[in-house]
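Remarks on the structure that follows.
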Amino acid sequence: MRTVAVIGGSLAGLSAARALREQGYDGRIVVVGEEDLFPYDRPPLSKEFLAGKIEMAELALTTPTEDAALDLEWRLGDPATGLDRGARAVVLASGREVPADGVVVATGARARTLPGDLHGVHTLRTADDAVALRRDLVVSRRLVVIGGGFIGAEVASTARDMGLEVTVIESDPVPLGRVLGADLAATCAELHRDNGVHLITGEVVTGLAGNGRVSAVHLAGGRTEPADVVVVGIGAAPNVEWLAGSGIEHDHRGVWTDDAGATNVPQVVAAGDCAFSPCAYAGTAVRHEHWTNAVRQPAAAVSTLLGATPAPPTPPYFWSDQYGARLQFAGHRLPDDAVEIIDGDPADRRFVAGYRHNGELVAVFAMNQPKLFGRWRRQLSPRIVPAGLP
Ligand SMILES: Cc1cc2nc3c(=O)[nH]c(=O)nc-3n(C[C@H](O)[C@H](O)[C@H](O)COP(=O)(O)OP(=O)(O)OC[C@H]3O[C@@H](n4cnc5c(N)ncnc54)[C@H](O)[C@@H]3O)c2cc1C
């Protein structure tokens, strides 16, 4: 291979470029990015950066020295709009083409939105989003967060620290129930209440009110929650539309790959938040939207691209910081798994819980117990993945 095009200039794209060099590839690497910024870290966007505790420069994922050593060619601010298999080239919005004999798809995901264009309504995915949201938070009194997932909870926590009145609205009976199961999710929900956040569950948002600027959120039950600023935290959709017509299998769940990152098209691999891949620990195909996956999965995909054997997969892992608590989860929980407290007590907000399938430990969750969590995480067993996925 003489040229590899990495599409997506963020964590998974940079990890792929690093992996290419680490695995001995010495040809051209062209990194194509939609954003006009060198790769930066997203987790602080809902935490320290949103709080104003760290600056943009501290989010940088690479340094000029590392960049020079990797010898990358950047095409930033010019998203890929198509992949021309016949010409073996990636087509960019500017009309320019990047001829390539290997392609890594790492285009990530974008925040889902609600219809309407009122001022004061935000999503949070990019550095620009975080700057705009912070600007509104510092002059607002009442924040309504729609969606009680990890990003919603982190924004609620940061805004509370900034002194705002915060309401979180979640349509499920308990936030995070699908990830953690009802009991442990209830413990996380308590964090909101412990910190003076008003949590409304089992209620659906029907619309936003306001004249130019948002003033309230309407709920299906007829209730109205006043708001000066609203954050919509209802999940993310994979950036895959640009692959239409390329012949690469993809749908609303992401770019389909095998468990080593290969797509159905030779010499095209995918990794990170955009990839929908079989996961031994989930026992099915999933799209992981976690920082650690965006670091590890590209290394496997690059091995596939270079014709080497990828390292065996490790259990999925993510963390979240909310209200001063560190939450950590490894593995994947399915509804039939049995849950048990392994150490500590949820009432103390300091514990480790394990999930078992046929007696095997398949997932582990911890609150404020990082050391013990690390020990249990190493003991997780994979499940059996049915053949023919996704
Ligand atoms: C606010 C926030 C907080 C988070 N906190 C945590 C946390 O605490 N713990 C955790 O485990 N994970 C966290 N995450 C998730 C983690 O940041 C993501 O899993 C990770 O960023 C995924 O990396 P990625 O490179 O696959 O995708 P992305 O980060 O989405 O990057 C994809 C890049 O591709 C670009 N792109 C899109 N389309 C095109 C195109 N057609 N051509 C070229 N470029 C394109 C995008 O603009 C983007 O720059 C958080 C995410 C957010 C948004």
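Bear in mind these aren't lab numbers, they're just calculated from the coordinates by the rules spelled out. Keep in mind the model is a prediction, meaning the values are calculated, not measured. Every residue, glycine among them, receives a Cβ derived from its backbone with ideal geometry; neighbour counts consider all protein chains shown.
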message = Let's see if you can work this out: charge +1 on each Lys and Arg Cβ, -1 on each Asp and Glu Cβ, no other charges. What is the dipole magnitude of the range 305-370 about its Cα centre, in debye to the nearest 20?
response = 200
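Quote the relative contact order of the chain in percent (integer), defining contacts as alpha-carbon pairs under 8 Å separated by 6+ residues. Show your work: numbers first, answer last.
On the way: 904 pairs, mean separation 58.5, N = 390.
RCO, the chain: 15 percent.
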ask   = Calculated from DSSP H runs of 4 or more alone, at -39500 (n - 2.57) each and per residue, what is the 222 nm mean residue ellipticity of the chain, nearest 500?
value = -6000 deg cm²/dmol
task = Using only Cα atoms, locate the centre of the range 138-163 and the centre of the range 61-85, then give the distance between them in Å, rounded to an integer.
result = 34
ask   = Of all DSSP beta bridges located in the range 60-219, what percent are antiparallel, nearest 5?
value = 55
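Take the Cα radius of gyration of the range 1-102 and divide it by 2.2 N^0.38 Å, with N its residue count; two decimals is plenty. Each step should come with its number before you reach the end.
On the way: Rg = 14.9 Å, N = 102, 2.2 N^0.38 = 12.8 Å.
For the range 1-102, the normalised Cα radius of gyration is 1.17.
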ask   = Each label point is 7 Å from the Cα along the Cα-to-Cβ direction; what then is the distance between the points at Ser381 and Val204, in nm?
value = 4.0
query = What FRET efficiency would be calculated for the residue pair His252, Thr292, taking the C-beta separation as r and a Förster radius of 22 Å, to the nearest 0.05?
reply = 0.40
message = Through the Karplus equation 6.51 cos²θ - 1.76 cosθ + 1.60, θ set to phi - 60°, convert the phi angles of the range 78-91 into ³J(HN,Hα) values in whole Hz; use x for Gly and Pro.
response = 9, x, 6, 10, x, 10, 9, 5, x, 7, 6, 9, 9, 9
request  = Could you let me know the centre-to-centre spacing of the range 272-287 and the range 314-390, using Cα atoms, in angstrom?
outcome  = 17
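Can you classify the range 219-344 as rounded, prolate or oblate using the Cα gyration tensor, where a ≥ b ≥ c are the square roots of its eigenvalues, rounded means a/c under 1.5, and otherwise it's prolate if a/b beats b/c and oblate if not?
Values: a/c = 2.29, a/b = 1.38, b/c = 1.66.
Oblate, because a/c is 1.5 or more while a/b does not exceed b/c.
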task = Hey, can you grab everything whose amide H is under 5 Å from the amide H of Tyr281? Only 5+ residues off in sequence or another chain; H modelled, so Pro and N-termini drop out.
result = Arg383
task = Assign one of three labels to the chain, namely rounded, prolate or oblate, based on the Cα gyration tensor with a ≥ b ≥ c the square roots of its eigenvalues; rounded applies when a/c is under 1.5, prolate when it is not and a/b is larger than b/c, and oblate otherwise.
result = oblate
query = With charges set only on the Cβ (+1 for Lys and Arg, -1 for Asp and Glu), what does the dipole of the range 51-130 come to about its Cα centre, in debye to the nearest 20?
reply = 400
ask   = So for the range 42-89, taking the charge dipole from beta-carbon charges (+1 Lys/Arg, -1 Asp/Glu), which of Trp74, Leu59, Pro44 sits furthest toward the positive end?
value = Pro44
Label-point gap, in nm, between Ala347 and Ala308 - each point 7 angstrom along Cα→Cβ = 5.3
query = Residues in the range 131-159 near a label at Thr224, defined as backbone nitrogen under 20 Å from the 7 Å Cα→Cβ point?
reply = 141-146
Simple label model, 7 Å out from Cα along Cβ direction - Ala51 to Thr65, nm = 2.9
note = FRET efficiency for Arg356 and Asn195 from the Cβ-Cβ distance with R0 = 41 Å, rounded to 0.05, comes out at 0.85
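So, with +1 on the Cβ of K and R and -1 on the Cβ of D and E, and no other charges, what is the size of the charge dipole of the chain about its Cα centre, to the nearest 20 debye? Intermediate values should be presented prior to the final figure.
Details: 36 positive and 47 negative charges, 66 e Å.
The calculated dipole for the chain is roughly 320 debye.
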